[in-house]
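Novice: Questions regarding the structure given below will be posed in turn.
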Amino acid sequence: MEGASPEDAIAITGVSCRLPRAADLEELWQLLAAGTSTCEEIRHDRVPMRESFRALQNDKWKPKWFGNFIDGVDEFDWAFFRSNAKEAASMDPQQRILLELTYQALDSAGYLRKHVRENGDKVGCFVGASFIEYTDNTSAHPPTAYTATGTIRAFLCGRLSYHYGWTGPAEVIDTACSSSLVAINRACQSIWSGECPMAVAGGVNIISGVHNYLGLGKAGFLSPTGQCKPFDQAADGYCRGDGAGMIVLKPLKQAMADGDPVFGVIPGSSTNQGGLSASLTVTQPSAQVELYQSILERAGMSPNHVSYVEAHGTGTQAGDPLEVSSIRDVFGGSDRPTKLYLGSIKANTGHAESAAGVAGLLKVIAMLWKKAIPPHALFKSLNPKIPSLAPDRIVIAKSLEPWEVPFRAAWVNNYGAAGSNASLVVCEGPRMSSSKA
């Protein structure tokens, strides 16, 4: 398998990133390599908890609130995107950021050099998104002609396709926490089936209201102590995070023929549902095992080819042990030829919810670029509900290490609270371009 790819493998030819304290891949790598956590107490200009009547209704329940936030989400060059000030004010920041990130991803792919809107390129557009918190803002002001197109989720893709004149599929996908990786899988499937020869895909999650904090807090999802602590004994829930990212996808053969940069290669991806899970919001290991095996078969790979798993790893006492058990069943083993590293970006930048999958993929793309394994932030001791990892040659990196294997291949795993699982395998390409990163 070394260096090989299936005939129909898909290349990642363009990348853009917007995560807390990381506006590009280089900034993301610096954050990862240093083992930095971006957790902070909520920003009251973004989450006005003190002014919320609903937050004050329960005097006995006054938790401390935390988050991971992107700077400058209120900034937008509306003229550049052929809009106007009034329309921009009614436009969800998620739409604005997707416009910016899609431009950056297309630019890194070299697509914009030849793009002519009137050609109606058959490009697919797939975005994972869930919350529409900005309606809290627009509903507090008089209605405008731009409110609907600015806040209805369908326009997250619709506006992008309209802006570039694309005629391929345009779909917004909501499977909760797995939305963005399901969207990326949908883009891959669209290319494989011939619906479109190229696609942009990713996800977005921008916190702009109080109500989901209140609901998720009451349900016990959120950590009362701060950041996500994946796989750790101290895991006590997740910490919400802003996040967004877009990637450009096209067949590897075509990308090579076109001389495109290749940030990574996807030989297999898929989704399924944990319909037989123990409860509505808990993942089902057997469904994940079946998913992993089906992707490996499609990619023509062995579990031993995978040397890093970017897990969903939210830092909950229920979810982490179940996810690790599925990873161990497929990828672990005393006879592995190399160690299997395990990590989760949520220890750095929090749980980006509907953008969690693309956040994990961005981390792996940065790792492929730098050929290194970053330390797992905040990790101190293994959750006792997770049996020792050593017998299965699984390790959690505590310091920056070189990624020294014959062929670099990583697994990105993602599942949603509503049961939708998504996974893909991403490998180093036949050539990597650091100048475009």
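No lab work stands behind these numbers, since they all come straight from the coordinates. What you see is a predicted model; the values in this text were computed from it and never measured. With ideal geometry, Cβ positions are generated from the backbone for all residues, glycine too; neighbour counts draw on all protein chains shown.
Novice: Where does the charge balance sit around PHE69 when Lys and Arg score +1, Asp and Glu -1, over other residues with C-beta under 11 Å from its C-beta?
Specialist: After counting each charged neighbour, the total is -1.
Novice: While we're on this one: Between (1) 131; (2) 217; (3) 146, which entry matches volume of the Cα convex hull per residue in Å³ as derived from the coordinates of this structure?
Specialist: Among (1) 131; (2) 217; (3) 146, the one derived from this structure is (1).
Novice: Now, a different point. Return the long-range amide H neighbours of SER307 (sequence gap of 5 or more, or a different chain), with a cut-off of under 5 Å between placed amide H atoms.
Specialist: Counting only residues 5 or more places away or on other chains, the set is ALA409.
Novice: Taking amide H positions as placed in the peptide plane 1.01 Å from N, state which residues far from LEU424 in sequence (5 or more) or on other chains have amide H under 5 Å from it.
Specialist: Long-range HN contacts for LEU424: VAL412.
Novice: Provide the per-residue ³J(HN,Hα) series for the stretch 43-54, in order, calculated from phi with Karplus coefficients 6.51, -1.76, 1.60 and θ = phi - 60°, each as a whole number of Hz, with x at glycine and proline positions.
Specialist: 8, 6, 6, 9, 10, x, 5, 5, 9, 7, 4, 5
Novice: Mind ranking 197-208, 220-231, 35-46, 270-281 by how tightly packed they are, going by the mean number of other C-beta atoms within 10 angstrom, highest first?
Specialist: On the way: 197-208: 27.8, 220-231: 22.1, 35-46: 16.8, 270-281: 14.7.
Result, highest mean Cβ count within 10 Å first: 197-208, 220-231, 35-46, 270-281.
Novice: Let me ask another. In debye, nearest 20, what is the charge dipole magnitude of the stretch 10-427 about its Cα centre with +1 on Lys and Arg Cβ and -1 on Asp and Glu Cβ, if you could check?
Specialist: Value, rounded to 20: 360 debye.
Novice: Which of SER180, SER269, SER388 comes first, and how do the rest follow, when ranked by fewest Cβ neighbours within 10 Å? Write out the running numbers ahead of the final one.
Specialist: Working: SER180 37, SER269 25, SER388 8.
Fewest to most other Cβ atoms nearby, the residues stand as SER388, SER269, SER180.
Novice: Across the stretch 7-16, in residue order, what do the Karplus-derived ³J(HN,Hα) couplings come to in whole Hz, using 6.51 cos²θ - 1.76 cosθ + 1.60 with θ = phi - 60° and x for Gly and Pro?
Specialist: So the Karplus estimates, Gly and Pro as x, are 4, 9, 4, 10, 9, 8, 9, x, 9, 9 Hz.
Novice: Fewest to most neighbouring Cβ within 10 Å: what's the order for CYS177, CYS239?
Specialist: CYS239, CYS177
Novice: Using modelled backbone amide H atoms (1.01 Å from N, in-plane), which distant-in-sequence or interchain residues come within less than 5 Å of CYS125's amide H?
Specialist: Amide H neighbours of CYS125, under 5 Å, 5+ apart: ALA170, GLU171, VAL200.
Novice: Still on this structure: Rounded to whole Å, give me the distance from the Cα center of the stretch 73-142 to that of the stretch 171-197.
Specialist: Distance between centres, Cα-based: 19 Å.
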